[in-house]
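A quick write-up on the structure given underneath.
Here, each number is a calculation from the coordinates, and none is a lab measurement. Since this is a predicted model, take the numbers as computed values, not measurements. Note that we place each Cβ from the backbone using ideal geometry, even for glycine, and neighbour counts take in every protein chain shown.
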Amino acid sequence: MKTLYDVQQLLKKFNIYVYVGKRIWDIEVMALELDHLHQAQLITQDEFIQAKLVLTQQHRIEEQKNNGRDL
């Protein structure tokens with residue numbers, strides 16, 4: 001799992017579709033949904049860790065984009 005699309009496909013397997021309207025918010029909601037799947041033991045530890053790493057990286061990228069707009 002290397003991209004945000006891969007994480008979306010994982011969530012899609014559980015009929016979880018996330019669209020809030022802002023990419024950074026979508027990433028945050030995906031992280032919450034991922035936590036719920038992990039707590040329910042519906043995904044493996046490896047899937048969870050890989051997906052969380054992707055989401056963390058993408059969240060940082062979006063924060064950097066947004067901080068650039070504030071200047």
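Points to keep in mind about this one:
- Residue that is surrounded by 11 or more Cβ atoms within 10 Å (Cβ to Cβ) and assigned to a helix (DSSP H, G or I), where the choices are Leu42, Leu10: Leu10
- Test set (1) outside any helix (DSSP H, G or I); (2) in contact (Cβ under 8 Å) with a residue 40 or more places away in the chain - Leu55 fails condition number: (1)
- Selected residue (criterion: nearest to the chain's Cα centre (by Cα)) from residues of the range 45-71 that are surrounded by 14 or more Cβ atoms within 10 Å (Cβ to Cβ) and of a type in the set (D, E, K, R): Lys52
- Residue match in the range 15-33 (condition: surrounded by fewer than 17 Cβ atoms within 10 Å (Cβ to Cβ) and of a type in the set (Lys, Arg)): yes
- In summary, Phe48 fulfils each of the numbered conditions (1) under 21 Å from Lys2 (Cβ atoms); (2) not in a helix (DSSP H, G or I) with the single exception of condition (2).
- Residues that are among the aliphatic types (A, V, I, L, M), assigned to a helix (DSSP H, G or I) and more than 10 Å from the chain's Cα centre (by Cα), drawn from the range 17-39: Leu37
- Residue count for the range 1-29 under the criterion of being of a type in the set (A, V, I, L, M, F, W, C) and without any contact (Cβ under 8 Å) to a residue 12 or more places away in the chain: the result is 3.
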